[in-house]
Amino acid sequence: MPAEPAALIFDWDNTLADGWAAIQDGLNAAFRHFGMPEWDREMVLGNVRKSLAESFPEKFGDQWEKARDIFYLTVQARHLEVLRPMPGAAAALRAAVALAPLAIVSNKHGPLLRAEVEHLRWDGFFRARIGAGDCAADKPDPAPLHAARAACDSPPAETCWYIGDTALDMLAARRAGMRAVLLGDAAHDGGIEACSPDMHFPDALSFAAHLSTLDKRARLANS
């Protein structure tokens, strides 16, 4: 395993938090409005990757802005109500913040992301919480990851880890020159091999245990 990271940058949905019920409701409200087939949770997990500004024009054509407004109106009505931490996420954050500066980069709309982080009372963990629309481009473009790295006092990119749950997250990490860390089995995205991570952990608890081991090694080395 590589040495301890100089910064840890996390994805949000399905990495640290489960807010899929609200996302599903928002998508289906837009689909219903335009007479399109609705998606179940499995389809949402398997298809939501890009930011809304990139994905909605593909789905809704020249009506994408109307679909966007319907989506956000629906999501904002209950996203905090249905939001839950992913199993082991709090333990991973506690282990991570003892080791390095933390940030979030997500393709969730920036204001929604920050409201959810604050709702879980996790805002104190992070130097930056960067969502879709906060930078010139959204991931997998490296711009938001570089902005997160700057918020963590700009350590060299290769010493930073980006932690996510999809192949798009791993691609974003590589484009930014960071180590690509996969949490979970990526069953919703073609599996682990399809994501080609630099490192893989089956869940947040195993990731927390690894970070705690790195922290202990660092403390011993500095004692």
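Read the figures in this text as sums done on the coordinates, not as results from a lab. Quick caveat, the model's predicted, so the values are computed rather than measured. Cβ placement follows ideal geometry from the backbone for every residue including glycine, while neighbour counts extend to all protein chains displayed.
Return a whole-number percent for the relative contact order of the chain, with Cα pairs under 8 Å and 6 or more residues apart as the contact set. Relative contact order comes out at 25 percent.
Over the Cα atoms of the stretch 20-82, the radius of gyration divided by the Kirkwood radius equals 0.93; this is the Rg/Rh ratio. Exposure proxy ranking for VAL44, VAL82, VAL105, based on other Cβ atoms within 10 angstrom of each Cβ and starting from the fewest, stands as VAL82, VAL44, VAL105. Counting neighbouring Cβ atoms within 10 Å and putting the fewest first, the residues TYR162, TYR72 line up as TYR72, TYR162.
In percent, rounded to a whole number, the relative contact order of the stretch 106-196 is 21, using alpha-carbon pairs under 8 Å and six or more apart.
For every helix of n ≥ 4 consecutive DSSP H residues, a contribution of -39,500 (n - 2.57) applies; sum these over the chain, divide by its total residues, and give [θ] at 222 nm rounded to the nearest 500 deg cm²/dmol. After summing the helix terms and dividing by the residues of the chain, the value is -15000 deg cm²/dmol. Measuring nothing but how far apart in sequence close Cα pairs (under 8 Å, 6+ apart) lie, relative to its length, the stretch 20-82 scores a relative contact order of 50 percent.
In this label model, ALA77 and ASP153 are separated by 4.6 nm, measuring between points 7 Å along each Cα→Cβ vector.
Straight-distance candidates among the aspartates and glutamates for linking to LYS139, with alpha-carbon spacing under 20 Å and chain neighbours fewer than 8 residues away dropped: ASP11, ASP13, ASP18, GLU54, GLU58, GLU116, GLU158, ASP165, ASP169, ASP189, ASP198. Based on the Cβ-Cβ distance of GLN63 and GLU38, what FRET efficiency does E = 1/(1 + (r/R0)^6) give at R0 = 22 Å, to the nearest 0.05? Efficiency, from the Cβ-Cβ distance: 0.85. Among MET199, MET178, the order by Cβ neighbours within 10 angstrom, fewest to most, reads MET199, MET178.
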